[in-house]
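A.B. asks: Have a look at this one.
Laboratory data are not the source of any read-out in this text; all were calculated from the coordinates shown. All values reported here derive from a predicted model rather than from experimental measurement. A quick note on method: Cβ atoms are made from the backbone with ideal geometry, for glycine too, and the neighbour counts reach across all protein chains shown.
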Amino acid sequence: MGRPSDRSAPPASLIQQLAELPEVAAASDTSASRSRAVSCALPAEAGAQIERLARRGFTPRWVDLQRDPWILVFATHPDRAFTLFRDQAETTADPALRQLYLG
C-alpha cells in the first residue's frame, strides 16, 4: 500500500529523531523536562493542552500516555487530528467529565 499523496508521512524514526534533539537529550533525566521538549513535536495548542493535564490532576504517566499517541496522530492524520484532539480536550476540561478519567 502506497503513501497518500495529499499529505506528508512522518519519518519512520520520528520518535528516535525527537529523542536525538539536543533539548530532549539534555532533558531526558526528568519527565517534566521531557514533556516540554517532546511537546514541541505537537502544534502549540495541543502541546499546551497536554501540559495542562498535569495541573488538572493527571499523573505524569497519564500525561505521557496522552502525548505520545497524539504526536503520531498529528503526524499521520493532520486533516482530522485537531477535531479529535479538541473533542478530548473539552472532555478533560469539564470537571464532571474529567472524573471519568481520574476515577
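A.B. asks: If we count other beta carbons within 10 Å of each Cβ, what is the order of Trp70, Trp62, fewest first?
C.D. replies: Lowest to highest Cβ neighbour count: Trp62, Trp70.
A.B. asks: A further question follows. Take the Cβ-Cβ distance between Ala44 and His77 as r, set R0 to 22 Å, and report the resulting FRET efficiency rounded to the nearest 0.05.
C.D. replies: On the way: r = 18 Å, r/R0 = 0.83.
Efficiency, from the Cβ-Cβ distance: 0.75.
A.B. asks: Place a label point 7 angstrom from the Cα of Arg61 along the Cα-to-Cβ direction, then list the residues of the range 89-103 whose backbone nitrogen is under 20 Å away.
C.D. replies: 99-103
A.B. asks: Counting other Cβ atoms within 10 Å, which trypsin sites (Lys or Arg not before Pro) in the range 38-103 have at most 15 and lie in a DSSP loop? Don't skip to the end; give the middle numbers.
C.D. replies: Working: sites: Arg52, Arg55, Arg56, Arg61, Arg67, Arg80, Arg86, Arg98; in loops: Arg56.
Of the trypsin sites (Lys or Arg not before Pro), the ones in loops of the range 38-103 whose Cβ has at most 15 other Cβ atoms within 10 Å are Arg56.
A.B. asks: Test of understanding: what is the full-extension gain from Arg52 to Arg98, defined as 0.36 nm times their sequence separation minus their Cα-Cα distance?
C.D. replies: The Arg52-Arg98 span can extend by a further 15.3 nm.
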